[in-house]
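To start, the structure under review is shown below, and the notes come after it.
Nothing in this text is a laboratory measurement; each read-out follows from the coordinates by a stated rule. Here the structure is a predicted model, which means the values were calculated and not measured. Don't worry about glycine lacking a Cβ; one is built from the backbone with ideal geometry, like all the others, and counts go over all protein chains shown.
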Amino acid sequence: MKRKPVVFSLVKNQSIFMTTIMALLTFLSVLALGIALAIGTGVMRWNSQWNLYATVQISEEKNAPSVEKILNDNRDKIDTQKKISTQEMQDLMRPWISGGGGAMKNYLPQMYEIKFKTESDLRTVGEKISEQARFLTHSDALKTSTSAGWKMISICALVLVLVLASIGVCISFIARNTAMLHSRELEILNQIGATDAFVARQMQIIVAKISAFAAAIGFVVAVPFLWLILSAAHSARVGMLATLGLTTFGWWLLVLLPILIVLFAVMMTRRTTLNILKNS
């Protein structure tokens, strides 16, 4: 079956511009979504890694027996328990202690690092210990890092929205510019009875071809950048950065994004073209 030829097409400069801008915007959108997904994965891994851990700080010596009794009575709820020695605490605090830090041992609290079996066990035992000493969960202590991660995700999401908005603006501009350049052809099409939907479909075919090619370029270029960012994060080997990553579901979302961008571009082309034809 013979294909119907496209009635009109983008001029060379328009095609180059559209291919370049769509490839760049696809690159930015894939990168923004990839970073957001990687950070989101890191935040979830970070929280699940520490949500069963807590530290007990006994500032008053008289409360130590009571705390030890609570821990012994709830041994079935505790996975691991470690009492941090005075020497270990001094080693941890040495960077912040200058000169005669030996006297600090008289002021350091007794500390336990505990891993509970379930979150319910952590809450139950924590309520009892809180009456005698300071009970600090690791997830609470690391809320600053988690909060920073969510803020970074929000920034990436905002960048993604701005990129998609830019795609809509570019498509609208190109469609209007094309209609102006081919105004004579449009007049002839109207005279021979061509419908607005037929004309819009011609533009959609052109934009779909260019967008698909540009989206493929943007995606292929963005993936190595994502690998580079994740490799740099993992090489840190410390903190939440080391937990960043992309799941199989995340990779599928990244593959799906360029396809959705092409569909979005085609839809914007149809909407803009029909508006132009109605107002002309």
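The table below lists the values:
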{"item": "Sites Glu61 and Ala232, calculated FRET efficiency, Cβ-Cβ separation with R0 41 Å, nearest 0.05", "result": "0.30"}
{"item": "Theoretical FRET efficiency, 1/(1+(r/R0)^6), r = Cβ-Cβ of Gln191 and Leu274, R0 30 Å, to 0.05", "result": "0.95"}
{"item": "Separation between Cα centres of the range 221-280 and the range 131-148, rounded to whole Å", "result": "34 Å"}
{"item": "For Ala194, residues with placed amide H under 5 Å, excluding near neighbours", "result": "none"}
{"item": "Order of Met111, Met152, Met203, Met267 - criterion: other Cβ atoms within 10 Å of each residue's Cβ, fewest first", "result": "Met267, Met152, Met111, Met203"}
